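In what follows, a structure is listed as structure tokens, so that the remarks can point back to it.
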Amino acid sequence: MTALMPRVRRGGLAISTSGLVHIYRSQGHDVAALSGIGITVQAGELVGLLGPSGAGKSTLLQLCGGLLTPSAGRLRIGDHNLATMTEAELDRMRAADVGIVLQGAGRNLIPYLDAIDNVRYAQRAAPADRHLPEPAEVLELVGLGNHARTPLGSLTPGQIQLCAVAVGIATFPGLLLADEPTSQLDHQARDEVLAAISTINRTTGMTVLLITHDPDVAAVLPRTITIRDGRIASEGRSGEEFAVVATDGSLPLPPHVADLLPPGTLLRVTTTEDGEIRLSPVEQEDD
């Protein structure tokens, strides 16, 4: 796929959360999907959300898209304070500033329209004064320039997913949220979709936050955030994983370390003269 420098370049929107909590009701009980999440994503970053099923990744993505309302805490997308916005304001934000690619490409597309008309339809909700890219330009950016008029039923699964991504960026928003955009694809199609998203991020300056369970995808992302049990468990930078000190001073261990330590393990914390911090398990005697 040849990278295309778009005529319309808006740049990205930053994401900032602090003490972010989301509670939902299940079988008569309150369940905390997120418990005090605090992250900062700079404008123009490409970041992956990792973690087991049920950890809270999709909840965080939907909160950032204004599809769910925070129960507590702070959440800002650019200049938007999502914790205080009305439904009408959230609708306007999604129409202009945030693109969402839901899991399952078909959920993002109108099946009886071809690729270019799907993009054109997605642009209808944009503000009247918004200077929009040409639909053909959007398709070219994701590598579907030669399939603008191909019926969706004749496209491969990978091409359908690329079309879903094109719909998500139809207005060139400042933030693209993508839930498992490479799932259920073969390796070649997965790599083509990931390459398209990387091209979008690089050439438009759009901030991208995507969920993935694929370790091969996570390995090539410049930054990853792992969520476990509704909390930040670790961060990855260029393939290296780090623990993250939370705003309350707690320090969740990276999953590969936590798996080695049974619950209740005592850890001795020591520092060396050169400032190195060491954690050492303490052997406990039986009572």
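The values are calculated or read from the model by the stated rules, or taken from the named source; none is laboratory data. This structure is a prediction, so every number in the text was calculated from the model and none was measured. Cβ placement follows ideal geometry from the backbone for every residue including glycine, while neighbour counts extend to all protein chains displayed. These accessible areas exclude ligands, DNA and RNA; they are computed on the full protein's heavy atoms, side chains included. Shrake-Rupley method; radii C 1.70, N 1.55, O 1.52, S 1.80 Å.
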- Query: How many of the residues in the range 192-235 are farther than 20 Å from Q62 by Cβ and in contact with a helix residue (DSSP H, G or I) (Cβ under 9 Å, 6 or more places away or on another chain)?
  - Reply: 15
- Note on the structure: Considering residues that are over 15 Å from G99 (Cα atoms), surrounded by fewer than 18 Cβ atoms within 10 Å (Cβ to Cβ) and small (G, A, S), the number found within the range 39-66 is 2
- Query: Does S183 satisfy the criteria of being under 30 Å from V101 (Cα atoms) and free of Cβ contacts under 8 Å to residues at least 60 places away in the same chain?
  - Reply: no
- Query: Of all the residues that make up the range 23-62, how many are assigned to a strand (DSSP E or B) and either closer than 16 Å to H213 by Cβ or touching a residue at least 40 places away in the same chain (Cβ under 8 Å) (or both)?
  - Reply: 13
- Residue hits (the range 189-247; more than 29 Å from I23 (Cβ to Cβ) and assigned to a loop (DSSP other than H, G, I, E, B)) are G205, M206, D214, L221, P222, S238, G239
- Query: over 30 Å from V31 (Cβ atoms), open to solvent by less than 40 Å² (accessible area, probe 1.4 Å) and in contact with a His (Cβ under 8 Å, 6 or more places away or on another chain), is that true of L162?
  - Reply: no
- Message: Testing A170 on (1) aliphatic (A, V, I, L, M); (2) buried (at least 24 other Cβ atoms within 10 Å of the Cβ); (3) modelled with pLDDT of 95 or more, one condition comes back false. Which one is that?
- Response: (2)
- Message: Just to be sure I understand the filter: pairs with C-beta atoms under 8 Å, separated by 6 or more residues or on different chains, first member in the range 156-167 and among the basic types (K, R), second member open to solvent by less than 30 Å² (accessible area, probe 1.4 Å). Which pairs pass?
- Response: none
